[in-house]
Amino acid sequence: MSHKAPSKHYRKGISLIEIFRMFPDDATAEKWFTDVRWPDGVHCPHCGSDNVQTGAKHKTMPLRCRNYKECGRKFSVKTETVMEGSNLGYRVWAVATFLLTTSLKSISSTKLHQDLGVTQTTAWHLAYRIRNSFEEDDQNFNGVVEADESTLVGLKRICIGIRN
Ligand SMILES: [Zn+2]
């Protein structure tokens, strides 16, 4: 299994600066979410086709299904995840996810608000959505602290909260 997700970093004590270094910009974070969600290549969330055009010139939906006859819809890595409908950048989502997964459930939305420079309301919503996806699979959530290859499957659900 080859992936670029830096699983060795998932452990207690990761510093904020290390997390920011891992996600220097939105593009890096978007790629990370894409690799975690689709380790075997991008699939259309609507019809499941793996014939997908990437890098379309669309501000929020850079992916397009090439199954034109039956689907042909535009989407992004946010589609059908807890990030759906959010205007927040991928970097904010990635950093928030890391903070929440590596600090267990102790991190407050006030701290998130300060660390990420987003509003209190935004911080609350981020924490709420991410925690909700944890609770859907608490066993996997607990595994994150001692993460290794086997928890990547759990992370896939936790980090992007893929809905079934
Ligand atoms: Zn499709």
Q. Of all residues in segment 35-53, how many are within 16 Å of the ligand (Cβ to nearest atom) and not in a loop (DSSP other than H, G, I, E, B)?
A. 3
Q. Going by the conditions given, is residue 50 closer than 16 Å to residue 93 by Cα and either of a type in the set (S, T, N, Q) or at pLDDT 80 or above (or both)?
A. no
Q. Is one or more of the residues making up segment 4-16 touching a Pro at 6+ places or on another chain (Cβ under 9 Å), modelled with pLDDT under 70, surrounded by 14 or more Cβ atoms within 10 Å (Cβ to Cβ) and over 21 Å from residue 66 (Cβ atoms)?
A. yes
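This table checks each residue for (1) part of a helix (DSSP H, G or I); (2) touching a Ser or Thr at 6+ places or on another chain (Cβ under 8 Å); (3) aromatic (Phe, Trp, Tyr).
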position	(1), (2), (3)
59	no, no, no
79	no, no, no
82	no, yes, no
95	yes, no, no
114	yes, no, no
Q) Which numbered condition trips up residue 62, out of (1) within 14 Å of the ligand (Cβ to nearest atom); (2) surrounded by 16 or more Cβ atoms within 10 Å (Cβ to Cβ)? A) (1)
(Q) Take residue 70 and tell me if it is within 20 Å of the chain's Cα centre (by Cα) and not basic (Lys, Arg). (A) no
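The values are calculated or read from the model by the stated rules, or taken from the named source; none is laboratory data. Note that this is a predicted model, so its numbers are computed, not measured. Heads up, the Cβs are rebuilt from the backbone with ideal geometry, glycines too, and the neighbour counts pull from every protein chain shown.
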